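Here is the structure we will look at, set down as structure tokens.
The values are calculated or read from the model by the stated rules, or taken from the named source; none is laboratory data. Note that the structure is predicted; figures quoted are calculated from it, not measured. Heads up, the Cβs are rebuilt from the backbone with ideal geometry, glycines too, and the neighbour counts pull from every protein chain shown.
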Amino acid sequence: MSATPDPITTEIVFNALQSVTDESFVALMKSAYSTNIKERHDHSTAIVDRNGRLVVQAAGSIPIHLASMLGLMQKLLAKYPVSEIHEGDIFCANDPHVGGGTHLPDVNLAMPVFSDGELVGFVCNIAHHADVGGMSPGSMAGGMTSIYQEGLRIPLIKLFRRGELDRDLFDLILLNVRVVEERRGDYNAQFAALRLAHRRLLEIVARNGRETVEAVFDGIISRTHARMKESIAAIPDGTYRFEDFMDNDGAGLDDIKIALTVTINGDDAVFDFTGTQAQVPGNVNIPLNGTIAAVCYVLKAMLDPEIPNNHGVIDAITVTAPPGTVVSCVEPASVASRAHTSQRIVDVVIGALAEALPDKVVGAANGANSMAIFAGTDPRTGRPYVYLETLGGGFGGRNDRDGKDGVQVHITNTSNLPVEAIEMEYPLLVEAYGLIEDSGGAGTWRGGLGLRRIVTPVDHDCVFTGIGERFRHQPWGVFGGQPGGTGHFSVRTREGEVRDMPTKFGDAPLREGDSAIVETPGSGGYGPPEQRPAETLGEDWESGKFSAAYMRENYGWEVPPSD
Amino acid sequence: MSWFIGVDVGGTFTDFYAVNRESAQVVIHKTPSTPHNPAEAILEGLDALATANGIPADAITRLAHGTTVATNALIQRKGAPLALITTEGFRDLLEIGRQIRPKMYDLKADAPPPLVPRKHRFEVRERMMADGTPRIALEDAAIDVAIDQVEASGAEAVAVCLLFAFLNPEHEQRIGKRLRERLPQVAVSLSSAVQPEFREFERFSTTALNAYLQPLIGRYMRHLGEELRERAPKARLGINQSSGGLMSVERAADYPVRTALSGPAAGAVGAAHVARLAGKPDVITLDMGGTSADVALIREFEAEIGFGREVAGFPVRLPIVDVDTVGAGGGSIAWFDRDGLLKVGPASAGAVPGPACYGRGGTEATVSDANLVLGRLSGALIGGAMTLDLSRATAAIQPIADRLGFSIEKTAEGILGIVTANMVRAIRTVSVERGHDPRHFVLMPFGGAGALHAGDVARALDMAEIVVPPAPGILCAQGLVVSDLKEDFVISARIPLTEAGRTEIDTAVAPLAAAAADWFASEEIAPARRRLRLAIDLRYVGQNFELLVPTDETDGSAPNLPDIDEMKRRFFSAHEKTYGHYTADDPIEAVNLRLTAIGEAERIPPPAVTGDGDQHPTPVARRAVWFDGAEHDTPVYDRAKLSPGQHFTGPAIVDQLDATTVIHPGDTVSVDAALNLIIEVSR
């Protein structure tokens, strides 16, 4: 291996490598069939070195996919010695327990890149398939209590051997998923994106030489590592603890504890989740790699948002959790809704570091991946429909400004579907879509507000499914900031009665004239309410986002008499 | 005698490109911009241009104006106090938007606050359904209550944004009419008039931006119009829009949001014009100035048009020339990141203080400083009006060189390598997004800095050919002179693409065609210059994204809709190009019908220039220039002295008033009949 390349060569080659992941990201997005990939961009691309270390991840990649890239390579290199990895092979896995994944819909692929017969590294991508089989369409529904119900489990396999697709294996996979043509299209898009990345990485190797490129891999990781270590060293030494509770697992178990002890010692950081609830029957368990990804997200977001996403970040910290807990689950735990847990891990890490990093932390966010699903038969066409939406909510107050109202938070950033698109596509009417009064926790800087959406079926009866979190455990504030409002599902019947719904439920009847009311949690405030600037209080009131009672109780502020 | 003049107002300079209709004589002029009142520079420059070239006031028959007034007002948030009237239950829609954060990992990066504060967003009880029928009728009393609220708010402009108004504008129109009766001094924008397309947030946002700009742009247009009537009484004034065509001053005052991204559009139109003259149908443009570089794709001599953009953080849904911007310009600053890697940009020294070599107080190393150190940039800019200071450039780069342990020249080459890599990455991503391979395109650099870097960029992208236009620093003003008058009409209508749907499409197109006919008449466009282009947003049923599928252009009498099978074929081919696949059997539907009416500009052929017979031009100077780590003794040519048919081989530098072209060793250059430099990149 050649000497460490200079900062200019490293930057230029790094830029070219980023271009490879960006291009294959776009190519995958454009040629996929699933709306999930095309529109919501629930996919990632990466380059990994020959030792399985992540070198570059596409800028648009989503945080939790870091975990799957990591897991995939661990499993691959454990199963196959380099002598059994060949030009043209494509490896595939999705299983969270034996395949390095985090939930079954994420299908992870890797392809080795050779130059002069030497393994240079791998190009990888991940795509969330709209269905991977199992007991429920979409492979994501609540109520599943074992991985076997959630879909087809793919351990680490060679789907292509020396450029040849293993048709038998592929047939087996496709037989086990719904809407097979769409799934085949998504796989083909993933294969094509791998080949593009493979070709482009080889061009970079040809231009710069294999040794330089490999040295740049090392240089990027070690520079990022040093950069992250420097940020960690700036955190005051000490032991920091925090815990929070998820409402329930959707399968009968309430109050799921997530406990964390962070120990900072110089530039060492240990995140120990000992004390966390044992894994649960419901599908909110998450494998350890997913927990590591959530911790990495927080560190990047709090310490250095511009730091590159590569192994240098992962290597800079230690994350431990007893196997068999909800944050380090083992077979046969069900995991489909691990995004809720991931969001909560983020809040817990932020909570733990509040004392150490007072200027960086934010109040607890809506802490959920709130989901509302409407299904029925369209009276206009006689065809069945399913409309699924994930809703944002409050984002916590910050040290120098208020939180954000009605946004996706932390590990997710998917857009809503326009009201006009919903109503043109489905026999549904959106009666209202807006911010929830008083749902942001008061504070020197207040928390953001949750969202309310009211939906009614048009000319037919349908069913309504809701999956929520922070319906009982409020999003907390920091440094005296007040907690934000909880989420809430309810149905207002055509008779005028309002019926409360549970946190997680499936297929509740919604008749013509009934309305489903979906309310997502707000978020916590930052700092004591009494220090909120006086002029801001007048603006709070004028904005109409807060009631007179809220203003009085939290700030002792009275509505001025109108003239 | 009659003159056509293009005026492009940039951040630093206001450029003029004037062409004599009869003799095809071209004169250009540059004057410093006056950002506090852009009209000042226009009027002064016009006077100077007319005086210097003996152009009488009434000989100016056409004046095309590209303006950044709207763009700047948005960036600086200097628009009017604004109110919103919207459907009951949806007051927060403008604020929630698509519920996404601008940056995934940055806890402090926020979307800009909405243009209308929540207290000035007023709801009216009304509701249209997805089939365009009212579910809740709008009462007159409710309108008056909302207007009372608008009046009390002190707003100078109102955006009226109701759900499904694109299908049935009746409620919006009643509110608009009543607003004009009761509050005649307040500007009004209706979402059904600004951009009647589905997807409410983007339509509302576009409408709010339009209302926000109306009072300001209205004043500007009136002022400019009055002043110009004295200076050029016979001139037809056209305002450039973001789609790359001109509109009348009156329409610009009503729809100012259409000018918000018009700057880069003029460049793309100018580039398309040059591409036509050079006979190069497929071009990637690289418009590099002081702070950024704009990249656009030209296919078959036409700049590609897109429909979704952001301006100052707000989405705009309008036809807009598809330009992507990278933070890479002559003023881009070199700096060390926290991990010790050298980065260049996006921060820029801008025009003030400018690069260190400008001697205006800048001390940080910039791309221009690196170019000067390497001998690529001449010591004098703009015909000797400004000299560049090599010692200051060297001093700025020295600390970086010291930290790296490199020579000054190696460091400077590194800075250029990085800025090239930034542009290359952007061009690659843009190309993949649109389904193109850059190797099949010709690179056309312009702007002050484009031609300095084109050789590096073309090499990195394996592009074989570069075309440098005759006046690369003034291409936007040139583009304005050749811009067509243009008006876009759109209607949202979901219609199956089947034989049965054909009649529905024809019915839906009819009002668009009628509106286009009215427009042709009101703009007094001669029948021979009228063109119509119908295009349809098509998608597979159930998809949530559309592809714009054009039909063939027709003369102004009626739009042309080819048969359904042909439309399907075009959709399949667009789907294949964009997404890599298509399915022949799945049902397809139309979502939007778009009709573009064009009043074709008069094309003035370039003046016939003959060579002086010498095939090899004579250098005006020689100097040492660095390429690939070594000094080369390099001839310098004066662009003004090059003539058609001449050719030479790099290394070479071509200097001109507003730009410098760098020819790499081994590259060959020829001058074509339109005075373009055609560079063949050596491999």
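Numbers below:
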{"quantity": "Any hit, segment B:454-471, residues being buried (at least 23 other Cβ atoms within 10 Å of the Cβ), within 22 Å of the chain's Cα centre (by Cα) and assigned to a helix (DSSP H, G or I)", "calculated": "yes"}
{"quantity": "Residue within segment B:434-448 that is in a helix (DSSP H, G or I), over 18 Å from the mean Cα position of the chain (by Cα), over 30 Å from B:R594 (Cα atoms) and away from chain A (no Cβ under 14 Å) present", "calculated": "no"}
{"quantity": "Members of segment B:97-121 that are within 11 Å of another protein chain (Cβ to nearest Cβ) and in contact (Cβ under 8 Å) with a residue 12 or more places away in the chain", "calculated": "B:G97, B:R98, B:P102, B:A111, B:P114, B:R118, B:K119, B:H120, B:R121"}
{"quantity": "Breaking point among (1) within 10 Å of another protein chain (Cβ to nearest Cβ); (2) crowded, with 24+ Cβ neighbours inside 10 Å, for A:G397", "calculated": "(1)"}
{"quantity": "Filter result (under 22 Å from the mean Cα position of the chain (by Cα) and not β-branched (V, I, T)) within segment B:415-433", "calculated": "B:N422, B:M423, B:R425, B:A426, B:R428, B:S431, B:E433"}
{"quantity": "Test: residue in segment A:501-515 that is out of contact with any helix residue (DSSP H, G or I) (no Cβ under 8 Å at 6 or more places or on another chain), in the same structural domain as A:G450 (by TED's automatic domain parsing), surrounded by 15 or more Cβ atoms within 10 Å (Cβ to Cβ) and under 23 Å from B:L107 (Cβ atoms)", "calculated": "no"}
{"quantity": "Within segment A:163-247, helices (runs of 4 or more DSSP H) holding 3 or more residues that are within 23 Å of A:N310 (Cα to Cα)", "calculated": "A:180-208, A:210-233"}
{"quantity": "Subset of segment A:421-431 that is out of contact with any Ser or Thr (no Cβ under 9 Å at 6 or more places or on another chain) and within 7 Å of chain B (Cβ to nearest Cβ) - its residue that is surrounded by the fewest Cβ atoms within 10 Å (Cβ to Cβ)", "calculated": "A:A421"}
{"quantity": "Within segment A:469-482, tally of residues that are surrounded by 24 or more Cβ atoms within 10 Å (Cβ to Cβ) and touching a strand residue (DSSP E or B) at 6+ places or on another chain (Cβ under 6 Å)", "calculated": "4"}
{"quantity": "Single residue of segment B:154-168 satisfying the filter (buried (at least 19 other Cβ atoms within 10 Å of the Cβ) and within 14 Å of chain A (Cβ to nearest Cβ)) that is nearest to B:A208 (Cα to Cα)", "calculated": "B:C161"}
{"quantity": "Matching option when the condition is more than 14 Å from chain A (Cβ to nearest Cβ) and surrounded by fewer than 24 Cβ atoms within 10 Å (Cβ to Cβ), among B:L277, B:L246, B:L213, B:L209", "calculated": "B:L277"}
{"quantity": "Total residues in segment B:21-66, condition touching a residue at least 60 places away in the same chain (Cβ under 8 Å) and outside any helix (DSSP H, G or I)", "calculated": "14"}
{"quantity": "Residue list for segment A:353-394, restricted to those being among the polar types (S, T, N, Q), touching a His at 6+ places or on another chain (Cβ under 9 Å) and surrounded by fewer than 21 Cβ atoms within 10 Å (Cβ to Cβ)", "calculated": "A:T377"}
{"quantity": "Any hit, segment B:305-313, residues being under 15 Å from B:R258 (Cβ atoms) and β-branched (V, I, T)", "calculated": "yes"}
{"quantity": "Unmet criterion (only one of (1) closer than 30 Å to A:G252 by Cα; (2) within 14 Å of another protein chain (Cβ to nearest Cβ)) for A:P287", "calculated": "(2)"}
{"quantity": "Residue identified as crowded, with 17+ Cβ neighbours inside 10 Å, β-branched (V, I, T) and under 30 Å from A:A189 (Cα atoms) among B:I505, B:I564, B:I525", "calculated": "B:I564"}
{"quantity": "Scan of segment A:156-200 for residues that are among the β-branched types (V, I, T) and more than 14 Å from chain B (Cβ to nearest Cβ), ordered by number", "calculated": "A:I157, A:I173, A:V177"}
{"quantity": "Within segment A:82-157, strands (runs of 3 or more DSSP E) holding 3 or more residues that are free of Cβ contacts under 8 Å to residues at least 60 places away in the same chain and either in the same structural domain as A:K30 (by TED's automatic domain parsing) or among the aliphatic types (A, V, I, L, M) (or both)", "calculated": "A:106-115"}
{"quantity": "Residue among A:R210, A:R200 that is at pLDDT 95 or above and under 20 Å from A:A46 (Cβ atoms)", "calculated": "A:R210"}
{"quantity": "Any chance B:A64 is touching a Ser or Thr at 6+ places or on another chain (Cβ under 8 Å) and either surrounded by 23 or more Cβ atoms within 10 Å (Cβ to Cβ) or under 28 Å from A:L417 (Cα atoms) (or both)", "calculated": "yes"}
{"quantity": "Among (1) buried (at least 24 other Cβ atoms within 10 Å of the Cβ); (2) in contact with a helix residue (DSSP H, G or I) (Cβ under 9 Å, 6 or more places away or on another chain); (3) more than 9 Å from chain B (Cβ to nearest Cβ), the one test that A:V409 misses", "calculated": "(3)"}
{"quantity": "Elements of type strands (runs of 3 or more DSSP E) in segment A:494-563, at least 1 residues being under 21 Å from A:A365 (Cα atoms) and among the aliphatic types (A, V, I, L, M)", "calculated": "A:515-519"}
{"quantity": "Strands (runs of 3 or more DSSP E) wholly inside segment B:227-328 that include at least 2 residues being modelled with pLDDT under 90 and in contact with a helix residue (DSSP H, G or I) (Cβ under 8 Å, 6 or more places away or on another chain)", "calculated": "B:305-311, B:323-326"}
{"quantity": "Qualifying position, being buried (at least 22 other Cβ atoms within 10 Å of the Cβ) and more than 12 Å from chain B (Cβ to nearest Cβ), among A:S68, A:S83, A:S34", "calculated": "A:S68"}
{"quantity": "Subset of segment B:350-381 (residues that are among the aliphatic types (A, V, I, L, M) and either closer than 23 Å to B:R403 by Cβ or assigned to a loop (DSSP other than H, G, I, E, B) (or both))", "calculated": "B:A351, B:V352, B:A356, B:A365, B:V367, B:A370, B:L372, B:V373, B:L374, B:L377"}
{"quantity": "Flag if A:I286 is assigned to a loop (DSSP other than H, G, I, E, B) and buried (at least 22 other Cβ atoms within 10 Å of the Cβ)", "calculated": "yes"}
{"quantity": "Pairs, first within 14 Å of another protein chain (Cβ to nearest Cβ) in segment A:225-238, second of a type in the set (V, I, T) and in a loop (DSSP other than H, G, I, E, B), C-beta under 9 Å, six or more apart", "calculated": "A:R227/A:I307; A:M228/A:I307; A:M228/A:I317; A:S231/A:I307; A:I232/A:I317"}
{"quantity": "Set A:G506, A:G496: member being more than 14 Å from chain B (Cβ to nearest Cβ), small (G, A, S) and in contact (Cβ under 8 Å) with a residue 60 or more places away in the chain", "calculated": "A:G506"}
{"quantity": "Odd one out for B:V194 among (1) closer than 21 Å to B:E524 by Cα; (2) in the same structural domain as B:Q173 (by TED's automatic domain parsing)", "calculated": "(1)"}
